[in-house]
1. Taking segment 72-305 on its own, what percent of its Cα-Cα pair distances exceed 27 Å?
2. Dividing the Cα convex hull volume of segment 29-136 by residue count, how many Å³ per residue is that?
3. Once amide H atoms are built 1.01 Å from N in the peptide plane, which residues 5 or more positions from ARG148, or in another chain, come under 5 Å H to H?
4. So if each residue of separation counts as 0.36 nm, and I subtract the Cα-Cα distance between LEU296 and ARG43, what length gain in nm does that give?
5. Computed FRET efficiency, Cβ-Cβ of TRP61 and GLN268, R0 41 Å: what is it to the nearest 0.05?
6. Each residue of segment 228-235 in turn: what ³J(HN,Hα) in whole Hz from Karplus with 6.51, -1.76, 1.60 and θ = phi - 60°, glycine and Pro shown as x?
7. Using unit Cβ charges (K, R positive; D, E negative) and no other charged atoms, how large, in debye to the nearest 20, is the dipole of segment 72-305 about its Cα centre?
8. For each pair in LYS245/LYS297; LYS42/LYS245; LYS80/LYS245; LYS70/LYS99; LYS134/LYS212; LYS86/LYS297, compute the distance between the two Cα atoms and list the pairs where it is over 23 Å.
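Values in this text are rule-based calculations from the coordinates and carry no lab data. All values derive from a computational prediction rather than experimental measurement. Ideal geometry is used to build each Cβ from the backbone, glycine not excepted, and the neighbour counts take in all protein chains shown.
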Amino acid sequence: MIVLTAERSVEELLKVAKWAMDSAQYIAIFLHCDSQNYREFKRISATRKAMHWIPAVRGEWLLIESRHSKTCSAYVVTHKEYFTPKLPAGYEWIHAGKKNSKIDLGIRGDDSGDNISELNSRLDELSVIYWAWKNTRSDFIGFTHYRRFLILPGNGETMLGDDNNHVITMNEVIDLLSDCDILVREVVTFSSAYSRDFEMRSDDVGYQIFIKHLRSRFPEYLPTLDLMQAGQRLIGNSMFFTRWKVFDEYCKWIFSFIIPAAIEFFDQPYKNDSERREISYMGEMMFQVFLMHNHLKIKYLHTACGYEKDSTPENPADWFIQ
C-alpha cells in the first residue's frame, strides 16, 4: 500500500495514484471532511467501484484499489545441466546460448523470436535478458543464475537444498518494489579500487572496443563509469528484479551499444576465456553504472548459492562466488 498526502490538487493526486498503481495494489489518501478535495473525491467515487471510504478522526481515508492483477516473471539463466532447487511459482529456467549449444537441456532457450543467442559467448546472461525484453511482457521481471538465487535478508539461509524455501517469491518481489526501483544482490567489496583490475586490462582489444561504442552513444556516462571503477564495491552478476518500465529503459540503453561492441569483437583473437568474455564483464559493470547515473532507489537482497550437479563441495565456503 502507498499512502499519499492530500496537499495536492485532485488532478495531481489522481495522476500520482495512477503511477503508483504500477507497484501497489492499494493507494490510501487521508482527506479532511471540510476540504475541497474531500468533496471532489466524494463526487468522483460515486461512480467508481474501486474507491472505498474508511471513517477516521476529523476526516476519512479514501482507499483506491487497483483492479489490475500484477504479473511477475523470473528467469533462471543456465547453460548446462544443474542441481535444480525447489523454486517458488513464477520461476522459469532458460537455456542461455542455446543456438550454438551442443547439448539439449530440455528447457526453453534464448534462441526463439527476436534474439542474440549467437552472441552468448561474448555477452553471457545478457543474451537471455535481451530475449526476455523482446519476447515476453509482465509488470515485474527478474533474473537469477543457475547457482545463485536472491533471498530476503534475515533468513539465515546461505546454501540451497532440495527443500529450500527461502528463494524470494513473486508476491514478495511485488511488495518490495512498492517503494523502490530495483532489487539487486548484496554488494561485493574488493580489497582495492575496482579500477586496478581494468588498468591491467586497458590494452585489451575488447575493452577498447567497448569504450569506443559507449563513447559514441552515451559519452555522458563515462564520468559515472570512472566513478564506479574508482570504488571498491560491485553489484555483480546482473541479478535483479524491477518493474517493466525500468527494465525497458535499461535494455534500450545497454543493448544500443553493447550489441555493436560484441559483434565487432566476435571475430577478434583472444588469449583466454577471460578475454573472450571482456564485453560481458564490462556489461556487468555498466549495470551498476546505469543504477548510479539514473539515481535509482535500490534494495539489496542476500544471495543463496547452490552447487554443480553431482559435485557437492566439501568446504561450504566453496559454494559462494565472491
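1. Details: 9083 of 27261 pairs.
It works out to 33 percent of all Cα pairs.
2. Details: hull volume 19.6 nm³, N = 108.
Normalising the Cα hull of segment 29-136 by residue number yields 181 Å³.
3. Counting only residues 5 or more places away or on other chains, the set is GLY306.
4. On the way: separation 253, 0.36 × 253 = 91.08 nm, distance 3.70 nm.
Contour length minus the Cα-Cα distance gives 87.4 nm.
5. Details: r = 62 Å, r/R0 = 1.51.
Here the calculated transfer efficiency is 0.10.
6. 5, 5, 6, x, 10, 10, 9, 8
7. Working: 26 positive and 32 negative charges, 37 e Å.
Computed about the Cα centre, the dipole is about 180 debye.
8. Working: LYS245/LYS297 14 Å; LYS42/LYS245 32 Å; LYS80/LYS245 31 Å; LYS70/LYS99 32 Å; LYS134/LYS212 26 Å; LYS86/LYS297 30 Å.
Cα-Cα > 23 Å for LYS42/LYS245; LYS80/LYS245; LYS70/LYS99; LYS134/LYS212; LYS86/LYS297; rest within.
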